[in-house]
Amino acid sequence: PARASQLTSDHRPQSLTMDQIGDRLRDLADDVSRQIRDNREVAIGVGTVVAVFGVYRAFSASGYKKKPGSLDLSGGSIDRKKIDATFKDYSASFGTEAGAGISDRERTTELVNTFYNLVTDIYEWGWGTSFHFSPRLPGKSIAASEAAHEARIAAVLGLKPGQRVIDVGCGVGGPMRTIASTSGARVTGLTINDYQVGRATYHNSKLGLAELCEAVEGNFLDIPFPEETFDAAYAIEATCHAAKLEDVYGQVYKALKPGGMFASYEWVATKEYDASNPDHVRIMDEINFGNGLPEMRTYKQAEQAGTSVGFELVSSHDIATASPVCGPWYDRLRTGMSGRNMQKVNHAIVSTLDFLCVAPKGVKDVHDMLVKVATSLVAGGESGIFTPMHLLVFRKPEADAGAAGAAKKTTNGAAKAASKAAK
């Protein structure tokens, strides 16, 4: 609404009484009523916010709250008064030249943590607890397709009850819970973001998975576990946040036992990507900015990153194009952009909460960024230049049999020599 632009940072109230909120809702509803025929979604959004205010207190304190409510949207661990400034700093950290990505790569880890503080509530509220894309299975719901995409990891890794597995970049734990539930393996989720640890722990407890799932705060560039701790490892659209893919793959390699498997859904440029095509570069730049990525690698670079740290490459293929019958991974975004689901309503709700000064200043800007990048992701998918699900499967080699045999012979020879000397 045009009137919202009159609320400058110098005059923005810190909080409003319920009476003041009611007055603003009435004023906003008057403005919107003149636009109902042309912009019905906004009117629906305002009506939804009014309803939310009426029932929020009745439901927010009882039972399992599967996701944040619209009134809960925050900046994670960032103080609500600092969200706006933090988002502006995040935005300024990306270069303006084509293909630049994050300007100061030394700040990548810090900026990724900032990104997830800013977006986690919005992701859960508008998308769910699984922060990834999935191909749409014929005749199946979004939730079923999502679960199948996650369960594929357990199947590829051959997970068994009692095995220890690490989820490298677990978010709020949606995939972790699916993989632990379907396999019986004990999954440790690692995330750099302390706010996500709290959210994942909450969901694990409420869903009865605390014995199988644990969320731990830590940097996947310095995995906080002894070497050879885990039987298997996986990452779902997470290692793309590393400044250097070799660094995170190297840490996973150390954390795995010999013979351990590592599977990763990687965000990569496909063979269709043309670095000399300005439109291709622009799309990738927009995807990087809207998703907290330092840069976009090719799938070949991801393969090489794994083998360079010692992994054996078991398989490499793009799940997005693997099946001729599945719907595209970006269909959920495309449907939202066409106005056939809740995306426009959600945008209207966030805009209204911003106008009412209920949402912390800056939350609307973060939401706007995510709405905009949806267009770029769809463009990347439709053009075939980008995939968020190139599945790489690596294996950490067993101890070299030849070297082990030679070491055994040396030990036996030394023992015989010592015995002979003793005689």
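All of the numbers you see were taken from the coordinates with simple rules; none came from a lab. The model shown is predicted, which means the values in this text are computed figures rather than measured ones. Don't worry about glycine lacking a Cβ; one is built from the backbone with ideal geometry, like all the others, and counts go over all protein chains shown.
Please say if the range 263-358 is rounded, prolate or oblate, where rounded means a/c under 1.5 for a ≥ b ≥ c the square roots of the C-alpha gyration tensor eigenvalues, and otherwise the choice is prolate for a/b larger than b/c and oblate otherwise?
Values: a/c = 2.24, a/b = 1.88, b/c = 1.19.
The shape class here is prolate.
Let me check I've understood the local charge: for residue 295, count other residues with C-beta under 15 angstrom from its C-beta, Lys and Arg +1, Asp and Glu -1. What total comes out? Could you put the intermediate results ahead of the total?
Details: positive: 105, 107, 244, 282, 297, 300; negative: 97, 104, 106, 246, 247, 266, 285, 286.
That works out to -2.
Let me make sure I get this right: for the range 121-259, a, b and c are the square roots of the gyration tensor eigenvalues over alpha carbons, sorted descending. Under 1.5 in a/c it's rounded, otherwise prolate if a/b > b/c, else oblate. Which is it? Write down the numbers at each step before the final one.
Values: a/c = 1.43, a/b = 1.29, b/c = 1.10.
Here the range 121-259 falls in the rounded category.
With labels modelled as points extended 7 Å from the Cα through the Cβ direction, what inter-label distance (nm, one decimal) is found for residue 228 paired with residue 88?
Between residue 228 and residue 88, the label points sit 5.3 nm apart.
Calculate the spin-label point distance for residue 202 paired with residue 321, positioning each point 7 Å from the Cα along the beta-carbon direction, and give it in nanometres.
Here the modelled spin labels are 4.1 nm apart.
Pull out the extension gain between residue 140 and residue 67, defined as 0.36 nm times the separation in residues minus the alpha carbon to alpha carbon distance; nm, one decimal. Walk me through the numbers on the way to the answer.
Working: separation 73, 0.36 × 73 = 26.28 nm, distance 2.25 nm.
Roughly 24.0 nm would be gained on extension.
Applying a 10 Å radius around every beta-carbon, put 170-183, 298-311, 349-362, 273-286 in order of their mean neighbour count, most first.
Values: 170-183: 25.9, 298-311: 17.7, 349-362: 22.3, 273-286: 16.0.
Ranked from most to least packed, the peptides come out as 170-183, 349-362, 298-311, 273-286.
Let me know the shape class of the range 163-237, please: from the alpha-carbon gyration tensor, a ≥ b ≥ c as square roots of the eigenvalues, rounded when a/c is under 1.5, otherwise prolate if a/b is greater than b/c, or oblate.
Values: a/c = 1.75, a/b = 1.13, b/c = 1.55.
Verdict is oblate for the range 163-237.
Please report the net charge: other residues with Cβ closer than 15 Å to the Cβ of residue 279, K and R +1, D and E -1. Could you put the intermediate results ahead of the total?
Working: positive: 282; negative: 272, 274, 285, 286, 382.
Charge balance near residue 279 sits at -4.
In nanometres, what is the gap between the two model label sites at residue 210 and residue 182, each 7 Å from Cα along Cα-to-Cβ?
With each label point 7 Å from Cα toward Cβ, the separation is 2.6 nm.
Whole-Hz ³J(HN,Hα) for each residue in the range 122-135, computed from phi via Karplus 6.51 cos²θ - 1.76 cosθ + 1.60 with θ = phi - 60°, x for glycine and proline: what do you get?
In residue order, the calculated couplings are 5, 4, 4, 5, x, 10, x, 8, 10, 7, 7, 9, 8, x Hz.
In a shell of Cβ-Cβ distance under 12 Å around residue 305, excluding residue 305 itself, what net charge do Lys and Arg (+1) and Asp and Glu (-1) give?
Overall, the nearby charge balance is -1.
From the cross-link list 66/361; 82/364; 66/88; 67/160; 88/271; 67/344, which pairs have alpha carbons spaced over 23 Å apart?
On the way: 66/361 25 Å; 82/364 14 Å; 66/88 30 Å; 67/160 30 Å; 88/271 34 Å; 67/344 19 Å.
Exceeds cut-off: 66/361; 66/88; 67/160; 88/271.
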